[in-house]
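Down below is the structure, laid out as structure tokens.
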Amino acid sequence: MEKASHLSVIVDLSPTQWHLSAQTSNQHPLSVETFLSQLLAFLNAHIASKHENSLVVFGALPGKSVMLYSPTELLSDDVPSLDANSYLPFKLVDSTVVQRIMNEFDAIGELKEEPPCALVGAVTKALCYINRITHPSSTTAGVAEDPSVIHDPRILILSVSPDLSSSYIPIMNAIFSAQKLKVTIDVCKVYGPDTVFLQQAAHLTNGSYIYLERRDALLQYLIMSFLSPTPIRKILAVPKQDKIDFRAACFCHKNIVDIGFVCSVCLSIFCQPLPVCSTCRTKFPINTLKRLNAARPTITPANSRIGLPLANLNNTASPRPTPTPPNGMSSLR
Ligand SMILES: [Zn+2]
Ligand SMILES: [Zn+2]
């Protein structure tokens with residue numbers, strides 16, 4: 001029998017990106033209002049699929065992340081007045097999510113400039129929530145979910161912002177936590193360029209990354225790809241990305257690099273050969289640095305390419321001297 005599933009949805013609410021997304025110069029303009037109405041239909045579909053299904057919604061806003069909906073943390077003024085024509089669980093999700101987003105947008109209006117969206121903060125909160133419902137022994141009393149009924153928890157990220165290269169390390173740490181908790185991360189890229197880090201998040205947690213080509217068909221994409229729980233996806237053949245950008249960000253400047261240099265001791269990634277690793281303070285021989293610097297190709301847009309998979313770091317990070325590969329990750333020894 002199909003078991004109950006948990007879904008944490010993370011909505012990227014960057015006002016600038018949503019403003020750009022709604023421009024009529026786009027081929028398929030999508031305003032935040034249309035997006036929300038389709039998202040709420042999807043959330044209702046998840047609740048309706050099975051009575052025990054659980055749902056939490058987080059918002060990634062400029063400079064902060066907030067919980068927009070959780071069945072266990074409803075305030076008394078969140079509960080809408082009863083209406084004979086609506087199903088209460090649907091109405092509860094719809095009104096709570098919309099009301100809290102409107103409150104947050106009102107608060108943003110007072111900011112002088114827009115800090116980047118706290119997407120990693122929202123992912124971390126979602127992971128903490130999942131950890132709490134799947135390991136109730138370490139929680140405070142009051143969480144009613146039975147650990148035996150929560151299976152295959154999922155996180156769905158609806159992203160509109162581009163990659164924030166300074167968040168590379170936190171996002172990788174979040175991916176490792178998700179792997180440990182056996183959480184699947186799905187990503188729907190609603191607007192903007194492909195994000196390298198979210199592609200890797202979906203790939204490494206066995207989720208699916210979908211770039212929305214027809215943004216007027218958002219609800220169809222959501223229902224076809226992200227409504228089914230993970231065990232059923234084997235039968236449904238949910239689309240996955242066919243090519244993944246595996247590039248990493250350097251630890252020194254937080255730039256996404258095509259060619260990186262890896263410390264052979266701690267596996268930190270740098271965009272140029274350094275005499276001393278800034279993370280673990282290992283010193284590298286001067287001759288190696290000279291050799292690596294001499295071997296660096298000049299990067300032009302024509303020869304920039306998709307980098308090597310992160311797994312290759314282990315191969316190149318051996319402590320013995322290795323010849324410099326012409327491209328990709330080089331070991332600093
Ligand atoms: Zn750098
Ligand atoms: Zn190091």
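The values are calculated or read from the model by the stated rules, or taken from the named source; none is laboratory data. Everything numeric in this text was worked out from a predicted model, so none of it was measured. Using ideal geometry, Cβ is built from the backbone for each residue, glycine included, and neighbour counts are taken over all protein chains shown. What goes into the accessible areas is simple: the full protein's heavy atoms, side chains included, and nothing from ligands, DNA or RNA. Shrake-Rupley method; radii C 1.70, N 1.55, O 1.52, S 1.80 Å.
Observations on the model:
- Spin-label model distance (nm) - Thr24 vs Ser81, 7 Å beyond Cα toward Cβ: 3.8
- Length gained when the stretch Cys280-Asn131 is fully extended (0.36 nm per residue, less Cα-Cα span): 50.5 nm
- Flagged links, alpha-carbon separation over 31 Å, of Lys189/Lys234; Lys64/Lys189; Lys3/Lys125; Lys243/Lys283; Lys112/Lys243: Lys243/Lys283; Lys112/Lys243
- Relative contact order (percent, whole number), the stretch 17-114, Cα cutoff 8 Å, 6+ residue spacing: 19
- Taking a ≥ b ≥ c as the square roots of the eigenvalues of the alpha-carbon gyration tensor, the stretch 163-219 is classed oblate because a/c is 1.5 or more while a/b is no larger than b/c.
- In the stretch 5-236, the ratio of gyration radius to Kirkwood radius, Rg to Rh, stands at 0.94 when only Cα atoms are counted.
- Residue-level accessible surface for Tyr168, protein heavy atoms, 1.4 Å, Å²: 10
- Spin-label zone in the stretch 207-242 - amide nitrogen under 19 Å from a point set 7 Å from the Cα of Ala41 along the C-beta vector: 212-228
- For Arg281, Arg233, the ranking by accessible surface with the largest value first comes to Arg281, Arg233, using a 1.4 Å probe.
- Among the trypsin sites (Lys or Arg not before Pro) found in the stretch 185-222, those both in a DSSP coil and sparsely packed, with 16 or fewer other Cβ atoms within 10 Å of their Cβ, are Arg214.
- Lys254 contributes an accessible area of around 70 Å² to the protein surface, as traced by a 1.4 Å probe with all chains present.
- Gain in span if fully extended, Ser165 to Lys240, counting 0.36 nm per residue against the direct Cα distance: 24.6 nm
- Full-extension gain in nm, Val265 to Ser49, via 0.36 nm per residue minus C-alpha separation: 72.8 nm
- Whether the stretch 27-74 is rounded, prolate or oblate, judged on the alpha carbon gyration tensor where a/c under 1.5 counts as rounded: oblate
- Most positive-pole-ward Cα, Ala174, Val187, Tyr221, against dipole of the stretch 163-226 from beta carbon charges: Ala174
- Compactness of the stretch 7-109 - radius of gyration and Dmax, Cα, Å: 14.5, 43
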